[in-house]
1. Of the conditions (1) modelled with pLDDT of 85 or more; (2) surrounded by 16 or more Cβ atoms within 10 Å (Cβ to Cβ); (3) in contact with a strand residue (DSSP E or B) (Cβ under 6 Å, 6 or more places away or on another chain), His12 satisfies every one except a single condition; which number is it?
2. For the list (1) of a type outside the set (Phe, Trp, Tyr); (2) touching a residue at least 12 places away in the same chain (Cβ under 8 Å); (3) away from the ligand (no atom under 16 Å from the Cβ), I need the number of the one condition that Val64 fails.
3. Any residue in the stretch 13-27 that is within 15 Å of His65 (Cα to Cα) and within 16 Å of the ligand (Cβ to nearest atom) sitting within a Cβ distance under 6 Å of a residue that is at pLDDT 90 or above and among the polar types (S, T, N, Q)? List the pairs, counting only those 6 or more apart or interchain.
4. What do you reckon, is Val34 in contact (Cβ under 8 Å) with a residue 12 or more places away in the chain, touching a Pro at 6+ places or on another chain (Cβ under 6 Å) and surrounded by fewer than 16 Cβ atoms within 10 Å (Cβ to Cβ)?
Amino acid sequence: MATSQEILENKHIKVVDNMLEDDRLLPCPFCGKVPKIAICDEEGNYHDLDYIDDPWSGLFFGLVHSTNEEDPDKCCPIATFEGEAMGTVSYDTIDELIERWNKRI
Ligand SMILES: [Zn+2]
């Protein structure tokens with residue numbers, strides 16, 4: 001299981017507003033945006049990075065792919081609103097999430 005320290009030291013991962021950006025994720029085939037990774041519990045609630053070290057309600061990683069607010073006409077067909085994880089699938093590890101997303105593209 002990853003710790004917050006391991007995530008901070010991972011050269012692929014950047015932490016931005018409690019979301020993770022991983023440069024191994026491929027851009028979306030529809031809009032070219034790269035999805036972010038949210039830290040979730042088993043009910044899909046979002047948590048910050050510290051939660052990884054004390055996941056008292058389960059630890060999962062979800063893809064977040066927000067809508068294009070500057071230009072809603074170019075809205076991506078698979079985007080969700082800011083703050084909602086994409087789909088209902090969450091992953092036990094970041095590596096699994098990346099593998100599944102990149103395979104779909
Ligand atoms: Zn997209």
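1. Of everything listed in (1) modelled with pLDDT of 85 or more; (2) surrounded by 16 or more Cβ atoms within 10 Å (Cβ to Cβ); (3) in contact with a strand residue (DSSP E or B) (Cβ under 6 Å, 6 or more places away or on another chain), His12 misses just condition (2).
2. Of (1) of a type outside the set (Phe, Trp, Tyr); (2) touching a residue at least 12 places away in the same chain (Cβ under 8 Å); (3) away from the ligand (no atom under 16 Å from the Cβ), only one is false for Val64: (3).
3. Short answer, once both residue conditions are applied: Leu26/Asn102.
4. yes
The values are calculated or read from the model by the stated rules, or taken from the named source; none is laboratory data. Keep in mind that what you see is a predicted model, and the values were worked out from it rather than measured. Positions of Cβ are backbone-derived with ideal geometry, glycine not excepted, and every protein chain shown enters the neighbour counts.
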